[in-house]
1. Which residue is farthest from residue 104 (Cα to Cα), if the candidates are limited to segment 143-163 and must be in a loop (DSSP other than H, G, I, E, B) and out of contact with any helix residue (DSSP H, G or I) (no Cβ under 7 Å at 6 or more places or on another chain)?
2. Looking at segment 78-108 only, could you name the residues that are within 23 Å of residue 171 (Cβ to Cβ) and under 24 Å from the mean Cα position of the chain (by Cα)?
3. Is there a residue being touching a helix residue (DSSP H, G or I) at 6+ places or on another chain (Cβ under 6 Å) and at pLDDT 90 or above anywhere in segment 53-76?
4. Does segment 76-89 contain any residue that is assigned to a helix (DSSP H, G or I) and farther than 16 Å from residue 152 by Cβ?
5. If you take the residues in segment 137-153 that are touching a residue at least 24 places away in the same chain (Cβ under 8 Å) and within 14 Å of residue 80 (Cα to Cα), which one is farthest from the chain's Cα centre (by Cα)?
6. Among (1) assigned to a strand (DSSP E or B); (2) modelled with pLDDT under 95, there is one condition residue 172 misses while meeting the rest; what is its number?
7. Looking for something within 21 Å of residue 71 (Cβ to Cβ) and under 31 Å from the mean Cα position of the chain (by Cα) - is there at least one such residue anywhere in segment 119-135?
8. Of everything in segment 175-185 that's in contact with a helix residue (DSSP H, G or I) (Cβ under 8 Å, 6 or more places away or on another chain) and part of a strand (DSSP E or B), which residue is nearest to residue 66 (Cα to Cα)?
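The values are calculated or read from the model by the stated rules, or taken from the named source; none is laboratory data. These numbers come from a predicted model, not from an experiment. No Cβ is skipped: glycine too gets one built from the backbone with ideal geometry, and neighbour counts run over all protein chains shown.
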């Protein structure tokens with residue numbers, strides 16, 4: 001019987017140990033960090049009337065006249081005038097050239113021919129060469145302003161096609177020119 005007391009005692013001791021282990025307090029978990037709530041955004045007012053919308057301007061689509069003769073009559077491109085026996089573009093003609101270049105940039109498919117003209121003074125041979133130099137100088141100036149050289153051809157008429165008839169400086173100054181003719185659009 002002794003053995004049974006011992007066995008019971010051992011069982012009791014083991015039970016107490018198990019119970020004691022189960023009954024110990026476990027540390028409390030750390031409190032959850034406090035989350036600060038963002039203030040709710042203010043409600044967006046709902047308009048009671050339709051919003052005012054600025055009108056969209058109509059785009060103006062410009063077109064060129066279909067007929068080349070009509071297009072050339074409109075005078076979009078301005079002639080360039082030269083001093084006697086000269087072929088360099090004068091400083092007072094550079095605004096006209098800039099305007100011509102601006103117009104040509106606006107219409108990138110337009111092609112043109114620049115005619116070189118002279119007054120009646122000098123031989124025909126000399127004036128044909130001078131007219132050629134004037135037409136080429138005019139073309140080169142346009143190219144320096146950004147116009148593609150493949151859009152521009154030149155020709156010299158020398159003194160053969162005067163713009164103004166007469167034998168005075170007023171007439172001659174109008175005949176010394178680079179004349180622009182639109183050849184394709």
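1. 160
2. Across segment 78-108, the qualifying residue is only 96.
3. yes
4. Checked segment 76-89: no residue is assigned to a helix (DSSP H, G or I) and farther than 16 Å from residue 152 by Cβ.
5. Among residues in segment 137-153 that are touching a residue at least 24 places away in the same chain (Cβ under 8 Å) and within 14 Å of residue 80 (Cα to Cα), the one farthest from the chain's Cα centre (by Cα) is 137.
6. Result: residue 172 fails condition (1) only.
7. Yes, segment 119-135 has at least one match.
8. 184
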